[in-house]
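Below is one structure, written out as structure tokens, with a few remarks after it.
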Amino acid sequence: MILIVDDRPENILPLKKILEINGFKTDTAESGEEALKKVLSTTYSLIILDVQMPGMDGYEVAEAISGFGKAKDTPIIFLSAVNREKQFITKGYGSGGIDYLTKPVDTDILLLKIRTFQRLYEQQQELKAIQQSLQHEIENRKQTEKELAVRVKDLHFVLESLPQIAFTMDGKGMIEYANSHWFKYSDAVNVFPEVHADDANIFPSFKEHLSKNESFSSAIRLKERKMGGYKHYLLKAIPVTQHGSTTRWVATFTDIEQQKLASDLLEKQVMMRTKELVEKNEELENSNHELQQFAWVVSHDLKEPLRKIQTFSHLLKDKFLSENEEALSYLNRSIASSARMTQLIGDLLDYSRLSVEASFEPTNINDIISDILIDFNDVILERNIQLSIAPVPIIEAIPSQIRQVFQNLISNAFKFSRNREIPVVKIYAERIEEKKIESRVSGEGPFCRIVIEDNGIGFDEKFLDRIFVIFQRLNNLKTYEGTGIGLAIAKKIVEKHNGLIWAQSNEGEGARFILVLPISVN
């Protein structure tokens, strides 16, 4: 903005119009005092000042303005219609003006001068702003260098107090500082300690990490200057970044000699123990194989006399004791006991066979359930058992073993619902997210939850920890036949399939047996 100062409005008005027509913003003052007040509150790029004014003349106003810190650099052009002599012109320049024009003024020349002085003023202000910015930047850098020096001093103090060998490097990886422990392995700060020949291959990797500004960590062996031997150390280097670039590195050598010795000793012990375990495992496999052979032979040899006992007992019953009720009662008990003994031997043999390795394959559980139900067809028709069977996904399993699980669970459902007028057995399945009994349902879940539910006698859940234990029974043997091995076999098979088995029940309200099996073994 340009300030026009003249005590005559008729002089101000035409000059103001000319300047505004040419795109300049203007302000006016009709006395020197008014001009000084405006200069104090407003920044002007140029002042056009009349020399002859009542009160303060133009020279006095210019001298006063030059004393203001804010406006002292504002260019001033004097205009005069009377004082045209050299002495007045000289006084104008001496008072702080940059030009002195006499009236009448050539308008074009005045506009050229105004544009030139305004441009010079703007350039001067820009230079001043740049200078201030540079000065501020210099001060900031000085302060930053001072703070950095303090931080470096603190860092050196910390590194010196460490029990490890510690050193710093610049952004290019050149060593700047090393603490006193460094000199046990090197003669000078810029000389890296001697490294074992077998560990020299660490340096290419170390340099690569430095070039990528990545932290580095590796075991290394350093040679002591006095003793001459090598000790194991852990070298760690961490970059220190500022404004996104690495300014220096802080690195340490930590003594791991004792840990290395202990690790080597432990590794030897682990190797020895592993070898022992392998040998023991082979012995165990041989023993297990022999035990399976023994179980098969024993079961075969035990079943043979039991079959004879049952056969001759039936002959005695049919030929000689048909009319002796007391003898028949005793003989029937003997026959029943031998039958239970035969079943027990068979179940024990099945339980022992579960440790034999078998291959997993895609298994259609629906076909297995259908085959089992065909075997129980007479029981289903005789007792009018109501079945509700929903599709079960195909899973990877050992078919013969998984059949045994469903055989036992379905058999139990039929057996313990015989006290109902209309026994009901339900089988349904759903895919779930996790290997948990209560996992959420998921159409693409990696596990399958299968439920076998009946409306039989049920049981008190306080006995849950017993029902899957071999030979544990919750019911009267005379009322509900069985050996107490079936659920133990089911649990062992399910666990071999990396699954879960659980039960939920209340006395008199039936039972729900829940299986969670993986869809795939991989």
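Take the residues of region 16-33 that are of a type in the set (A, V, I, L, M) and under 17 Å from D106 (Cβ atoms): which is surrounded by the fewest Cβ atoms within 10 Å (Cβ to Cβ)?
In the first step, residues of region 16-33 are kept if they are of a type in the set (A, V, I, L, M); the result is 18-19, 21, 29.
Cutting the leftovers down to under 17 Å from D106 (Cβ atoms) gives us 18-19, 21.
Numbers: I18: 15, L19: 19, I21: 9.
This residue is I21.
The rows are residues; the columns are (1) over 33 Å from the mean Cα position of the chain (by Cα); (2) in contact (Cβ under 8 Å) with a residue 60 or more places away in the chain.
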site	(1), (2)
P204	no, no
T241	no, no
S245	no, yes
E257	yes, no
K260	no, no
Say we look at region 396-449 and pick out the residues that are surrounded by fewer than 16 Cβ atoms within 10 Å (Cβ to Cβ) and in a strand (DSSP E or B); which of these is nearest to the chain's Cα centre (by Cα)? V441
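Give me a count of the residues in region 68-108 that are touching a residue at least 60 places away in the same chain (Cβ under 8 Å) and either hydroxyl-bearing (S, T, Y) or not assigned by TED's automatic domain parsing to the domain that holds E122 (or both). Full working, then the answer.
Our first condition is that a residue be touching a residue at least 60 places away in the same chain (Cβ under 8 Å); within region 68-108, this holds for 79, 107.
Checking the rest, the ones that are also either hydroxyl-bearing (S, T, Y) or not assigned by TED's automatic domain parsing to the domain that holds E122 (or both) come to 107.
Total satisfying the criteria: 1.
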For region 153-167, check the following and say yes or no: at least one residue is of a type outside the set (S, T, N, Q), within 36 Å of the chain's Cα centre (by Cα), under 26 Å from E194 (Cβ atoms) and exposed (fewer than 12 other Cβ atoms within 10 Å of the Cβ). yes
Which residue pairs have Cβ atoms closer than 8 Å, lie 6 or more positions apart in sequence or on different chains, and pair a first residue in region 120-143 that is at negative phi with a second residue that is surrounded by 10 or more Cβ atoms within 10 Å (Cβ to Cβ) and of a type in the set (A, V, I, L, M)? Y121/L46
Where residues in region 168-185 are surrounded by 18 or more Cβ atoms within 10 Å (Cβ to Cβ) and more than 12 Å from A251 (Cβ to Cβ), which of them is nearest to the chain's Cα centre (by Cα)? H181
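The values are calculated or read from the model by the stated rules, or taken from the named source; none is laboratory data. As the structure is a computational prediction, the values presented were derived from the model and not from experiment. Glycine also receives a Cβ, built like all others from the backbone with ideal geometry; neighbour counts cover every protein chain displayed.
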